[in-house]
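One structure is given below, encoded as structure tokens.
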Amino acid sequence: MHVDHTGIFKDFNFKLIVIDAMLEQQPSFKAELERLKEQHTSKYEWYTGAGPIEELLVFFASLPLKQRDLDTVTELSFDGGNEIYHIIQPDWDGEDDLFDVVSVDGFEHLTRLKSVFYASMCQPEVLEPMKSAGIEIE
């Protein structure tokens, strides 16, 4: 079980959803992530039960998220098809609770967050603090 070592988010899996939202925004960590992906996913043994790539989990757990990156997040997607999961475990099929979110504590750091697309990855009540804060849940 990994934790957010930066202390911004209570739930590491929620941090992953936030990072996923940043991936298309040219985040400050993009070059380092690309290097790690190339280094570790190229030799990933698909469908062998290899599980998540530990080096990527460690990278994301200790990744400090700069405010300028957090400010790019206007929408989050709670969906098993998110790119971040397939970076961490290329053959992940979404059939387990490996990336399920149990808390969104820390969402307050996402000052420009306006909406959340909810398909899966948590129980609906987990999103209540966001809904109470006026964030649209679709």
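Run the accessible area of the chain with a 1.4 Å probe and give the carbon-and-sulfur part as a rounded percent.
Numbers: 3550 of 7340 Å².
Carbon with sulfur: 48 percent of the solvent-accessible area.
Averaging Cα coordinates gives a centre for the stretch 5-55 and one for the stretch 93-128; these two points are 17 Å apart. Remark: the chain carries 53 Å² of accessible area per residue (probe radius 1.4 Å; ligands, DNA and RNA excluded). Relative contact order of the chain: 31 percent, from C-alpha pairs under 8 Å at least 6 residues apart in sequence.
Against the set [x] 131; [y] 97; [z] 115, the structure's computed volume of the Cα convex hull per residue in Å³ falls on [y]. Distances between placed amide hydrogens fall under 5 Å for Val116 paired with Leu76, Glu136, Ile137, Glu138, all partners being 5 or more residues away or on another chain.
Count Lys and Arg as plus one, Asp and Glu as minus one, and take only other residues whose Cβ is under 10 Å from that of Ile137; the net charge is then -2. Of the trypsin sites (Lys or Arg not before Pro) in the stretch 1-107, the ones in a loop by DSSP (not H, G, I, E or B) with at most 13 other beta carbons within 10 Å are Lys43, Lys66.
For the set His86, His40, solvent exposure ranked by accessible area (probe 1.4 Å, protein chains only) runs largest to smallest as His86, His40.
The values are calculated or read from the model by the stated rules, or taken from the named source; none is laboratory data. Since the structure is predicted, the reported quantities are computational estimates derived from the model, not experimental observations. Neighbour counts are summed over all protein chains in view; Cβ atoms, including those assigned to glycine, are modelled from backbone coordinates with ideal geometry. What goes into the accessible areas is simple: the full protein's heavy atoms, side chains included, and nothing from ligands, DNA or RNA. Shrake-Rupley method; radii C 1.70, N 1.55, O 1.52, S 1.80 Å.
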